Amino acid sequence: MLIIKSITEMRKFLEMKNMRIGFVPTMGALHQGHISLIDRSKSENELTVCSIFVNPTQFNDPEDFEKYPITLEADIEKLVDAKTDMLFLPLVADMYPNGTANIRQYEIGFLNTVLDGEHRPGHFNGVCAIVHLLLNAVKPHSLYLGEKDFQQCLVIKQMITQEKISCEVITCPTLRATNGLAMSSRNQRLSDMGKVKAGLIYECMLLVKNNFSNESFEHLKIICEAKLFDAGFETEYFQLADANTLQPLISFDVNKHLVLLVASKLEGVRLIDNMRLN
Ligand code: AMP
């Protein structure tokens with residue numbers, strides 16, 4: 001696997017090659033969910049590039065940034081095992097030569113006012129900034145994103161359209177542990193007991209999915225929030241929304257594509273997950 005550490009090096013490499021490129025941006029601490037995106041990209045492209053960059057501008061909580069797991073050696077091993085062609089590993093100074101304090105502001109609009117947009121001010125602007133910079137550096141034909149970060153997928157697609165970037169976005173399904181817990185780098189910060197308990201988020205989402213034709217969302221939400229509270233979770237949102245727009249909904253409207261989105265903290269670790277209902 002080729003490891004490229006700067007934008008200049010990346011440009012030189014790309015000048016020499018004329019291949020169909022698939023790109024998987026990550027923040028490292030890789031798990032099988034990330035590898036599933038690599039596998040998908042490998043099956044559809046001639047060259048698969050994975051980036052590892054813990055992007056400082058998307059952390060609204062400094063403690064979350066400080067505690068973000070970094071496991072570079074193990075990550076490289078996993079990428080080699082997955083036969084990834086290239087790892088792009090830039091430094092903060094390379095991605096943000098003018099510093100991180102005054103980055104460009106993107107027009108995120110409505111998506112910045114709901115769910116993670118509302119609860120993590122500045123987060124999606126940082127996501128847009130880094131993905132835009134990475135796309136400019138890697139120039140992929142296809143970008144592979146996980147549906148685990150449902151709102152992020154919509155924000156990035158919108159940014160790509162607004163910036164008229166020619167790149168196809170492929171969203172991939174969420175990989176889960178056997179108890180349903182969505183794989184996430186942040187899960188490493190949970191205790192063994194926490195990892196078991198965290199499966200409750202998936203159980204609650206399933207409860208909603210299995211009962212939405214005969215119960216009100218209001219009722220199911222009360223049951224689920226109580227279950228989560230009793231198990232020690234602090235829930236930020238347990239929200240039904242239109243899957244195309246993320247417009248919040250208070251009741252099931254089967255004429256719409258419905259998605260349930262959850263953000264809840266356990267042992268101080270903020271977990272997000274989602275499930276399409278129909
Ligand atoms: P991250 O390193 O958390 O920024 O994630 C990098 C990419 O991997 C994003 O597109 C995520 O949505 C995706 N991803 C994270 N967790 C999973 C998962 N459990 N299953 C599939 N994709 C995932």
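The values are calculated or read from the model by the stated rules, or taken from the named source; none is laboratory data. What you see is a predicted model, and the numbers here were worked out from it, not measured in a lab. Glycine also receives a Cβ, built like all others from the backbone with ideal geometry; neighbour counts cover every protein chain displayed. The protein model used for the area step is the full one, side chains on, heavy atoms only, and it has no ligands, DNA or RNA in it. Shrake-Rupley method; radii C 1.70, N 1.55, O 1.52, S 1.80 Å.
Using alpha carbons only, how many degrees (0 to 90, rounded to 10) separate the axis of helix 217-230 from the longest principal axis of the chain?
Relative to the chain, helix 217-230 is tipped by roughly 80 degrees.
Order the following by accessible area, largest value first: Glu236, Glu168, Glu66. Probe radius 1.4 Å; ligands, DNA and RNA are ignored.
Glu66, Glu168, Glu236
Specify whether the C-alpha gyration tensor of the range 161-218 places it in the rounded, prolate or oblate class, a ≥ b ≥ c being the square roots of the eigenvalues: rounded for a/c under 1.5, otherwise prolate if a/b is larger than b/c and oblate if not.
Because a/c hits 1.5 or more and a/b fails to exceed b/c, the range 161-218 counts as oblate.
Please give the helix 32-44 orientation as an angle from the longest Cα principal axis of the chain, in degrees from 0 to 90, rounded to the nearest 10.
50
Which percent of the accessible heavy-atom area of the chain goes to carbon and sulfur, probe 1.4 angstrom?
Exposed carbon and sulfur together represent 52 percent of the surface.
To the nearest 10 degrees, how steeply does helix 123-138 sit against the main Cα axis of the chain, on a 0 to 90 scale?
Once rounded, one gets 30 degrees.
Considering only protein heavy atoms, with the full assembly of protein chains and a 1.4 angstrom probe, order Ser166, Ser142, Ser191 by accessible area, largest first.
Ranked from most to least accessible, the order is Ser166, Ser191, Ser142.
Taking 0.36 nm per residue of separation and subtracting the Cα-Cα distance, what length does fully extending Ile170 through Met16 add?
Length gained between Ile170 and Met16: 52.8 nm.
Pairs Lys209/Lys265; Lys148/Lys265; Lys221/Lys265; Lys195/Lys221; Lys67/Lys195: which exceed 20 Å Cα-Cα? Intermediate results must be reported in sequence, preceding the final value.
On the way: Lys209/Lys265 22 Å; Lys148/Lys265 16 Å; Lys221/Lys265 17 Å; Lys195/Lys221 22 Å; Lys67/Lys195 17 Å.
Violating the 20 Å Cα-Cα cut-off are Lys209/Lys265; Lys195/Lys221.
Over the range 10-155, calculate the relative contact order: mean separation of alpha carbon pairs under 8 Å at least 6 apart, over the residue count, as a percent.
Answer for the range 10-155 is 34 percent.
Using a 1.4 Å probe and ignoring any ligands, DNA or RNA, find the accessible area of His132 and quote it in Å² to the nearest 10.
Accessible surface of His132 is approximately 20 Å².
Can you give me the accessible area per residue for the chain, using a 1.4 Å probe, in Å²?
48
Strictly under 4.7 angstrom between C-beta atoms: which cysteines of the chain have no such partner?
If one checks each Cβ against the other cysteines of the chain, Cys50, Cys128, Cys153, Cys167, Cys172 turn up with nothing under 4.7 Å.
Arranged from highest to lowest average of other beta-carbon atoms within 10 Å per residue, in what order do the peptides 248-258, 267-277 appear?
Output ranking for 248-258, 267-277: 267-277, 248-258.
Return the FRET efficiency for the residue pair Glu77, Lys195: r is the Cβ-Cβ distance, R0 is 22 Å, and the value is rounded to the nearest 0.05.
0.50
What is the gain in length, in nm to one decimal, between Thr113 and Leu206 on full extension, counting 0.36 nm per residue of separation less the C-alpha to C-alpha distance?
Numbers: separation 93, 0.36 × 93 = 33.48 nm, distance 2.65 nm.
Stretched fully, the Thr113-Leu206 segment lengthens by 30.8 nm.
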